[in-house]
1. Tally Lys and Arg at +1 and Asp and Glu at -1 over the other residues with C-beta under 10 Å from the C-beta of residue 20: what net charge comes out?
2. Search the structure for amide H atoms under 5 Å from the amide H of residue 88, placed 1.01 Å from N in the peptide plane, and list their residues when 5 or more places away or on another chain.
3. Per the helix-only calculation at 222 nm, which mean residue ellipticity applies to the chain, given -39500 (n - 2.57) for every DSSP H run of n ≥ 4 and division by its residues, nearest 500 deg cm²/dmol?
4. Pulled fully out, how much extra length does the chain show between residue 188 and residue 11, if you take 0.36 nm times their separation in residues and subtract their Cα-Cα distance?
5. From the mean inverse distance of alpha carbon pairs (Kirkwood) and the Cα radius of gyration, derive Rg over Rh for the range 1-141.
6. How many Å² of accessible area per residue for the range 1-119, probe 1.4 Å?
7. How many percent of the accessible area of the chain is carbon or sulfur, using a 1.4 Å probe?
8. Over the Cα atoms of the range 236-328, each weighted equally, I'd like the Debye log10 I(q)/I(0) at q = 0.10, 0.25 Å⁻¹, rounded to two decimals.
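The values are calculated or read from the model by the stated rules, or taken from the named source; none is laboratory data. These figures come from a predicted structure and were not determined experimentally. Backbone-built Cβ (ideal geometry, glycine too); neighbour counts: all protein chains shown. SASA here: full protein model, heavy atoms, side chains in, ligands and nucleic acids out. Shrake-Rupley method; radii C 1.70, N 1.55, O 1.52, S 1.80 Å.
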Amino acid sequence: MITFCQFGAGRIGAIHAANIAGHPNARLRLVVDTDHAAAEGLAIRHGAVLGSDEEALADPEIDAVVIASSTDTHADLIEAAARAGKAIFCEKPLDLDRGRAEACVAIAEECGVLLMVGFNRRFDPHFARLERQIRDGRIGRPEIVTITSYDPAPPPLDYVRRSGGLFRDMMIHDFDMARWLLDEEPAELFAAASVLVDPAIGEAGDVDTAVVMLRFESGALCQISNSRRAVYGYDQRIEVLGSKGALQAGNVAESTVTFAGTDGIVGDKPLPFFLERYGEAYRRELGHFIDAVAAGTAPLVGGEDGIKALALADAALESYRTGHPVGI
């Protein structure tokens, strides 16, 4: 039985707390958040209690921590938990500053604790099956990867201002997917971006529409397309063209029911947002972390993956600002 403390009682925190409570080999003991009412409510729902940072890290019964608090707390909590000997699951990104991210990962390595980063899309059953078929050689050598990720609507402006920008907040997931699917590192990146959805996003210093092209060391190419608006729902698709064929992972719709009539065939829209689309991925992700802690094995997504995805996000921002390709 792995006993957890969770930092963060917001939207993502609620998902993780429910998954801890629902796992047969885990229990949630403490919830910590600066919003005491939210933390207490979440704790009560899942048989835990409200706690503090110091109390959680000093508690010998706590085996592992989930860090689902605001991004600006991640690195400090990783270091504190590592020094306390706790296994660590941290939501992305590790930090908005790559140097700070590298420093906290180094502390976790020095302390010999397990650190997993929350790139949940690797655990989506559809994307995981696609990746397995690539590894099995079904399509031969991968040559072109196309990743589409469109949000149904932009986030609140307050979130935009503190998110670190589209490349670090949104596309960072797709950078991780590209590295994972191709199982190699990019050599060069070019980014183009615009403000097409809401001028206020541009006034806040960010973009809402972006396309990035990655050239990998083997010569394989990957195009990532992001938008903060897709009026038809949460659009999440991947296509991989190889020397022997192609693989596609399409959207997950609200139902499989379609209507056929004289005007054509109509089906349901994609699931509305990430909470619904990636619910199973979040469950599998946490289950993988619990298994890794119990067995003392390295997780599928470690601190180095978090650093490399952040490095690609930084390179994309540089390319967008300069208008030139950036070597990795």
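1. +2
2. Close amide H contacts, sequence-distant or interchain: 65, 114, 115, 116.
3. -12000 deg cm²/dmol
4. 60.2 nm
5. Rg/Rh: 1.03.
6. Accessible surface, normalised per residue, equals 41 Å².
7. Of all accessible area on the chain, carbon and sulfur atoms account for 51 percent.
8. -0.55, -1.14
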